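Worksheet: the structure to be examined is printed underneath.
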Amino acid sequence: MEIIDTIDTKTKFIVLHALTDITSKQISEALGIPYSTARDWKTKTDENIDIRIIAEGRGKKPEITEETKRKIARDVRMNMNQQKFSTNKLASKHEMRNSKVFDTLKEKGFIFGRYDIPQNLTDIERDSRVEFCELMLDDENRIYETFFSDESGFKLSDAHVERICKKENKEMELELPREHVRVNMWGAISFRGATSLHIFKENLKGPIYQNILGERREEVDTLYPGGGVYFIHDRLPSHTSCEGWMMEEEFGQVLFPTYSPDLNPMEKM
């Protein structure tokens, strides 16, 4: 038993494959190796390839010299405040993979990632955030009877494949959108459900926003047949210009504080 335990896994596979009729799946279970590995070894063994011999260029990761690491760190220190600086450019400059650049930056004590510029709020803006939260929490039913709305959009010209797989020396033809058409969408969510998504191409102006709310009013009333529903949107001019009309249509409004997207759960959608 001690002799068997000293035999490497690949040799065990060769013996089992040659002297038994069990399948690759059974061998993978017996040796504790992935099924895909067992199938790969079987194919190579059937082609008289010795799986114990490591092919040249495999099994050895290219070394990054300390000098290269110092150059990368120097480049980062010199360019870290420039908006055009990126790990892609570093990888291209030093002829290495992007992942290796990240590893080197981490080793040298750098943290590379997205930087969110904080919004410096005035005392009045901070107070309005607190007042909004207190208002939503004072009446325990208010938050359950509120629609949180938002809109977003994207360009159709950006919605295309960026990476492809092709055979060598074979040209690939990709048909890209010829027009830079922007598609916008609006929606609202509540405790009882959501409105349907409204798709539109135009820039969101007051009349368009008013039309959207008018078309979705039936859905709001269906979810809250007893009325008394509240509505929240941010302080865009296209929104605020419709607030008089919303009052006439009995949309209960909650004044949303400025610079507070984190207080609107619809932003995450």
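The values are calculated or read from the model by the stated rules, or taken from the named source; none is laboratory data. Model, not experiment: these values are computed from the prediction. Neighbour counts are summed over all protein chains in view; Cβ atoms, including those assigned to glycine, are modelled from backbone coordinates with ideal geometry.
Okay, here's what the table says:
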item: Enumerated helices (runs of 4 or more DSSP H) restricted to the stretch 84-156, each holding at least 2 residues that are farther than 24 Å from His233 by Cβ; result: 87-93, 98-107
item: Qualifying position, being surrounded by 15 or more Cβ atoms within 10 Å (Cβ to Cβ), hydroxyl-bearing (Ser, Thr, Tyr) and modelled with pLDDT under 80, among Thr104, Thr87; result: Thr87
item: Count - residues of the stretch 22-69 that are basic (Lys, Arg), closer than 30 Å to Asn88 by Cα and modelled with pLDDT of 85 or more; result: 1
item: Cβ pairs under 6 Å, 6+ apart, first in the stretch 197-216 and in contact (Cβ under 8 Å) with a residue 12 or more places away in the chain, second in a loop (DSSP other than H, G, I, E, B); result: Gly206/Ser241; Gly206/Cys242; Ile208/Glu202; Tyr209/Cys242; Gln210/Cys242; Arg216/Thr195
item: Filter pass, Arg114 being at pLDDT 85 or above and under 30 Å from Leu263 (Cβ atoms); result: no
item: Flag if Gly228 is on the phi > 0 side of the Ramachandran plot, surrounded by fewer than 16 Cβ atoms within 10 Å (Cβ to Cβ) and in contact (Cβ under 8 Å) with a residue 40 or more places away in the chain; result: yes
item: Of residues in the stretch 9-32 being out of contact with any helix residue (DSSP H, G or I) (no Cβ under 6 Å at 6 or more places or on another chain) and of a type in the set (A, V, I, L, M), the one surrounded by the most Cβ atoms within 10 Å (Cβ to Cβ); result: Ile14
item: Residues of the stretch 138-158 satisfying the condition of being over 30 Å from His180 (Cβ atoms) and in contact with a helix residue (DSSP H, G or I) (Cβ under 8 Å, 6 or more places away or on another chain); result: Arg142, Ile143, Thr146, Phe147, Phe148
item: Some residue of the stretch 70-81 being at pLDDT below 80 and either over 29 Å from Ile117 (Cα atoms) or part of a loop (DSSP other than H, G, I, E, B) (or both); result: yes
item: Hits in the stretch 192-225 (condition: surrounded by 13 or more Cβ atoms within 10 Å (Cβ to Cβ) and polar (S, T, N, Q)); result: Thr195, Gln210, Asn211
item: Neighbours by Cβ (under 7 Å, 6+ apart or cross-chain): first from the stretch 236-254, over 16 Å from Val220 (Cβ atoms); second among the basic types (Lys, Arg); result: Ser238/Lys205
